[in-house]
Amino acid sequence: MSLKTVDWTGQSESSKSEGLRERKKRQLRQKLTDTATAMFLERGFDAVRVAEIAEACEVSEKTVFNHFPTKESLILDHPAALVDVLRAGLADPAVDPVDAVLRILADELKAITSWLAGHDDPAEASAQHARFTAMIQDTPSLRAHQRESSEHLASEAAAALAARAQLPAEDPEPQIAAVALLGLWQIQFRSLRRHLDGKRSPQQIKRAVTADVQRAARLIAGGLAAFPRSR
């Protein structure tokens, strides 16, 4: 499991009926991102070349770029499956938008805490995850890529919310609603960074981060309750 997120590709509806070719493709993507993450943490993001990652995975550099368009996306990737999950959750009029995002974040948090719990030394695993988040914060190209990814998700969220309310995606309501909802990702990211202190157990981390995210969600829920359902 990668340090940062749930394998949305593996959880998508299409993966349930995937053939051998699709499964191998998904497994190679995971191998590439896991290998890249380990190498970046050991030597620093800028010190590792994509050609070295390709060699370690016994594939060509072209193959790496066939799966990941940029070096940054090797460890900061929002696969299409995650976009699909976000779009579907927000477009469903039977599901509250805040609840839809909370479900996605809960799955991501579960993946991270399960990764932590699977290590013989959870404290060392916490330290490794802390190094990962610090690397993102300390690397300008990774910060820029993270902003671009967030903007893409916000655009997709705004489009889904606009369709739900039968509004143009450029209208203020879906735009501000999307920004507010995507802000919950930052709350979870920062809460994880704060609580991964090497002292808390994975379950304690999960409870603490969940509580922080839910506090933020309650604050925006009132405003989003006024979001138009349809015209």
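Worth pointing out:
- Residue 103 passes every criterion in (1) within 23 Å of residue 29 (Cβ to Cβ); (2) modelled with pLDDT of 90 or more apart from (1).
- Residues (touching a helix residue (DSSP H, G or I) at 6+ places or on another chain (Cβ under 9 Å) and either free of Cβ contacts under 8 Å to residues at least 24 places away in the same chain or not assigned by TED's automatic domain parsing to the domain that holds residue 149 (or both)) located in the stretch 201-218: 204, 208, 211, 215, 218
- Residue in the stretch 172-195 that is crowded, with 17+ Cβ neighbours inside 10 Å and either part of a loop (DSSP other than H, G, I, E, B) or on the phi > 0 side of the Ramachandran plot (or both) present: no
- Within the stretch 65-87, restricting attention to residues that are of a type in the set (Val, Ile, Thr) and farther than 10 Å from residue 153 by Cα, the residue that is modelled with the highest pLDDT is 70.
- Residue within the stretch 53-65 that is within 27 Å of residue 203 (Cβ to Cβ) and either in contact with a strand residue (DSSP E or B) (Cβ under 6 Å, 6 or more places away or on another chain) or not in a helix (DSSP H, G or I) (or both) present: no
- Residue count for the stretch 154-187, restricted to those that are aromatic (Phe, Trp, Tyr) and at pLDDT 95 or above: 0
- Number of positions in the stretch 85-111 that are touching a Ser or Thr at 6+ places or on another chain (Cβ under 8 Å) and crowded, with 16+ Cβ neighbours inside 10 Å: 5
- Applying the condition of being in contact with a helix residue (DSSP H, G or I) (Cβ under 8 Å, 6 or more places away or on another chain) and hydroxyl-bearing (Ser, Thr, Tyr) to the stretch 16-45 and asking which residue is nearest to residue 139 (Cα to Cα) yields 37.
- A residue that is more than 21 Å from the chain's Cα centre (by Cα) and part of a helix (DSSP H, G or I) occurs somewhere in the stretch 207-220.
- Test set (1) without any contact (Cβ under 8 Å) to a residue 12 or more places away in the chain; (2) crowded, with 18+ Cβ neighbours inside 10 Å - residue 119 fails condition number: (2)
- Cβ-Cβ distances below 6 Å connect the following pairs, each with a first residue in the stretch 65-82 that is more than 19 Å from residue 49 (Cβ to Cβ), a second residue that is modelled with pLDDT under 90, and a separation of six or more residues or different chains: 78/149; 79/8; 79/9; 81/8; 81/9; 81/12; 82/8.
The values are calculated or read from the model by the stated rules, or taken from the named source; none is laboratory data. Everything numeric in this text was worked out from a predicted model, so none of it was measured. Glycine also receives a Cβ, built like all others from the backbone with ideal geometry; neighbour counts cover every protein chain displayed.
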